[in-house]
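Down below is the structure, laid out as structure tokens.
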Amino acid sequence: MESWRVLQAKPHKERQVAVRLHQRGLQVYLPLIWVNPINPRAARQRPYFPGYLFTQAAPWLAGHSLMRWSPGLKQVVEFDGEPASLTDSFLRELRQRLEQIRAVSGVAPDGLRPDDLLEITEGPFAGYEGIFYTHLSAAVRTQILLTCIQGHHWQTKLAAAEQPRAKT
């Protein structure tokens, strides 16, 4: 089964990497968010996680030159020497949340106020608590993403280690 890999692009090269990998036949997701720039000629969409994008690829492809040597690509994100991966449900949830943000134009849903305590009841973060905050900086969003991916990586490794081994 193919999983989503996390790629780090060089600064401001996320779109170039996304287009190049798409042209090579890979499915790519670059989360974008609408902004109102001060300069009217500036881009109206910016990466939600600056410097990062996702591609769906077979595990063997993570080390392949197709991904390692694409112009604008800095690296395939790895933890403990293994490519970082995400589930379809995580990316589906991310897409839905970004669509909700776009639909309400940054207005808080259900009358929430900044610093309200929330319990996440469904999706990949079910069981976690958080504080509602409408305007996280791009750097903080990216730090949260990488922390979640790293936590998922270690959970996966622990689960694999706890599985009973077949006797030969």
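The values are calculated or read from the model by the stated rules, or taken from the named source; none is laboratory data. None of the values given here were measured: they were computed from a predicted structure. All Cβ positions, even for glycine, are placed from backbone atoms using ideal geometry, and neighbour counts span all protein chains on display.
Quick notes on this structure:
- When residues of segment 58-82 are limited to those that are at pLDDT 85 or above and surrounded by 19 or more Cβ atoms within 10 Å (Cβ to Cβ), the one farthest from the chain's Cα centre (by Cα): 73
- Selection status of residue 49, modelled with pLDDT of 75 or more, surrounded by 10 or more Cβ atoms within 10 Å (Cβ to Cβ), in a strand (DSSP E or B) and touching a helix residue (DSSP H, G or I) at 6+ places or on another chain (Cβ under 8 Å): no
- So residue 138, is it in contact with a His (Cβ under 8 Å, 6 or more places away or on another chain), surrounded by 12 or more Cβ atoms within 10 Å (Cβ to Cβ) and at pLDDT 65 or above: no
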